[in-house]
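Below is one structure, written out as structure tokens, with a few remarks after it.
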Amino acid sequence: MATAADRIVEFLAAQGIDRAFCVPGESYIALLDALHGSAIDLVTCRSEGGAGFMAVADAKLTGRPGVVLVSRGPGACNAAIAVHTAEQDAVPLILLIGQVERRDLRRNAFQEIDYANMFRGVAKWVGEATDAEQVPELIARAHAMAMGGVPGPVVLALPEDLLATDCAAPAPLATLPGAVAPSPADAARLAALLRGAERPILLAGHGFEAEGGREALLAFAEAWQLPVAVSFRRQDLFPNRHPLYAGDLGLRNPDAQRAAFAEADLVLALGTRLTDITTQGWSWPAPGQRLAHVCADPRFLGWLFPAEMAIAADARATVAALAAEAPGASAGREAWAARLHDLHLSDCQVAPRAWPDGVAFAEVAKLIERVAPADAIVALDAGTFGAPFYRKAGWTPPQRLLVPVSGAMGFGVPAAVAAALRHPERRVIGLVGDGGALMTGGEFAVAVARGAPMTLILSDNGSYASIRIHQERAHPGRVSGTSLVNPDFAAWCAAFRVPVTVVESQADLPALEAALRAPGPSAVMVRTSLEAVLPRQ
């Protein structure tokens, strides 16, 4: 008879999940055995945080839940950063934790944690099996919860002895509900709002991440001549060079752009939760601006921003429903869109300049923009080095920009590894700072071991620069806790037995371009100017 572990593998494979990420542990040894010889590719990682980040990135690319397997206690704690990232990024994630044996539950056993208490408030759902016959139902529920409404992370704890127990209950058929569309009356009313607006803005969010979402967004914006702004760190949803692209709602938007957004007479927020950064610190849409808010989960509707229309519906289904309505645009709509696009373009300029302490990383971003193929995947870690990729460089689908909306350091290298494994036919570029590199940079070994053709670019400026910038603004000249003493990163990269390119100044940028055109895996170490990003006194 099949074991409970076998039922889990059987169910996941039936949902099209073909890859899982892990750091092995004795607490789920039976699940490792069930994966042996299965259709699911098991990727062995170097840290649970790295494994979790890989699963998040893989889910972003496939639209299916990322699956990560970890052991109890320390393993689960290390993986918690990926659960938080998946929640903030609206990404489906299934975290399977090998739990202590059933006889030891709630007895403070070795490495025991009550995961319902641990993950309450960050996971969409937390389950724990106490009987083998429950397992098929629980894994199906985990999958449904991860995918339903606004996608997110779920956690399932599986006692070690239970996983090896026979399970007669078959793996259930998964039946996910279809995307909820607005009612015909709501669609007609929304269309009327759009026709009557002179200065509308379409704010697009996570609801367009699923397959076909980017194409649907573009077609809708063009049909209705709607300027499109994207929510925080979702630049790859809409072609950035398109005349209808109005930019992003992110950190430190230019004053002129914020002022223009405040002039909008209608904000159509589609598939977004309207979080603090996207709303510029809860200040936009401002009082008096008309708001129509569409989100798949009603929990995020109507509690902070008064909306003229608040619709619990899927963003793509809403766009499809509006296709039955006759588009309309005011005479001044084209000029309004052009103004917003020009404001975005004015923020994209980078003036090349030599710096005594290295290369301004904005020049690296512009170079990557220029040479990246039309289907490139760029994975970014959190940090100041990544800021130019949001506004200075432009992205056009099917290019992908894999970034942590949560701002989690350590995401970049694992995300690039997952992308290179998922799409070995595409150019994958992973970028990380010297802080994040020594958090999860060891996952580059996974790419090398599997021959994943990614290029790793490491920015070395000897500082936690994002925090240093805040520090200089608040306490000028009083550097505390933000300086780094780094290893020889060129030698560190070479230790992975890959070709390494070193960029020390502007004169070395052609070597970077050559490295980006060469097959991977490979690495580039960039001496990055700290002076270029610090506030001017």
TODO: Could you rank the peptides 482-492, 204-214 by their average count of other C-beta atoms within 10 Å per residue, with the highest value first?
DONE: 204-214, 482-492
Open item on the list: Shape verdict for the stretch 322-475, please, from the Cα gyration tensor: rounded (a/c under 1.5), prolate (a/b greater than b/c) or oblate.
Closed with: oblate
Task: Carbon/sulfur fraction of accessible area - the stretch 98-234, other protein chains in place, 1.4 Å, % - done: 52 percent
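Of the peptides 377-384, 57-64, how do they stack up when ordered by the mean number of other Cβ atoms within 10 Å, highest first?
377-384, 57-64
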Task: Listed peptides 96-102, 164-170, 176-182, 193-199 by packing density, highest first (mean Cβ within 10 Å) - done: 96-102, 193-199, 164-170, 176-182
Task: Rg over Rh [alpha-carbon atoms, Kirkwood Rh] for the chain - done: 0.98
TODO: Report the one residue of Leu93, Tyr464, Ala376 whose Cα lies farthest in the direction of the positive end of the charge dipole of the chain (charges on C-beta: Lys and Arg +1, Asp and Glu -1; origin at the Cα centre).
DONE: Tyr464
TODO: With label points built 7 Å along Cα→Cβ from the Cα atoms of Ala179 and His470, find their separation and express it in nm.
DONE: 3.6 nm
- [ ] Could you pull out every residue, at least 5 positions away or on a different chain, whose amide H is within less than 5 Å of the one on Asp41? Hs are placed 1.01 Å off N in the peptide plane, and Pro or chain starts have none.
- [x] Arg19, Ala20
TODO: Using Cα positions and a limit of under 29 Å, work out the lysines in reach of Lys124, with same-chain residues fewer than 8 apart set aside.
DONE: Lys60
- [ ] May I ask you to evaluate 6.51 cos²θ - 1.76 cosθ + 1.60, the Karplus curve with θ = phi - 60°, for each residue of the stretch 470-487 and list the ³J(HN,Hα) values in order in whole Hz, giving x for glycine and proline?
- [x] 4, 5, 5, 6, 8, 9, x, x, 10, 6, 8, x, 10, 8, 10, 9, 9, x
TODO: Mind jotting down the distance between the C-alpha centroids of the stretch 353-386 and the stretch 19-34, whole Å?
DONE: 37 Å
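Could you tell me the relative contact order of the stretch 361-504? Use alpha-carbon pairs under 8 Å, at least six residues apart, and round to a whole percent.
The value is 21 percent.
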TODO: May I ask what percent, to the nearest 5, of DSSP beta bridges between residues of the chain are antiparallel?
DONE: 5 percent
Open item on the list: Show me, for the stretch 358-369, the HN-Hα J-couplings you get by feeding each phi into the Karplus relation (A = 6.51, B = -1.76, C = 1.60, θ = phi - 60°), rounded to Hz, glycine and proline as x.
Closed with: x, 9, 5, 5, 4, 5, 5, 4, 5, 5, 5, 4
Open item on the list: What does the C-alpha gyration tensor say about the overall shape of the stretch 1-105? Classify as rounded when a/c is under 1.5, otherwise prolate if a/b is larger than b/c, or oblate.
Closed with: oblate
Task: Placed amide H near Leu456: partners under 5 Å, 5+ positions off or other chain - done: Gly430, Ser522, Ala523, Val524
Open item on the list: Under the rule a/c < 1.5 gives rounded, and otherwise a/b versus b/c splits prolate from oblate, where does the stretch 396-537 land using the Cα gyration tensor?
Closed with: prolate
Open item on the list: On a straight-distance basis, which lysines could pair with Lys366 in a cross-link, Cα separation under 16 angstrom, same-chain partners fewer than 8 positions away excluded?
Closed with: Lys392
Task: Cβ-Cβ FRET estimate between Thr44 and Leu345, R0 fixed at 51 Å, reported to 0.05 - done: 0.65
Open item on the list: Once each part is reduced to its C-alpha centroid, what is the distance from the stretch 204-256 to the stretch 59-74 in angstrom?
Closed with: 28 Å
- [ ] Step through the residues of the stretch 10-20 one at a time and calculate ³J(HN,Hα) from phi using the Karplus curve (6.51 cos²θ - 1.76 cosθ + 1.60, θ = phi - 60°), rounding each to whole Hz and writing x for Gly and Pro.
- [x] 4, 5, 4, 4, 5, 8, x, 7, 10, 8, 9
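The values are calculated or read from the model by the stated rules, or taken from the named source; none is laboratory data. What you see is a predicted model; the values in this text were computed from it and never measured. Note that we place each Cβ from the backbone using ideal geometry, even for glycine, and neighbour counts take in every protein chain shown. What goes into the accessible areas is simple: the full protein's heavy atoms, side chains included, and nothing from ligands, DNA or RNA. Shrake-Rupley method; radii C 1.70, N 1.55, O 1.52, S 1.80 Å.
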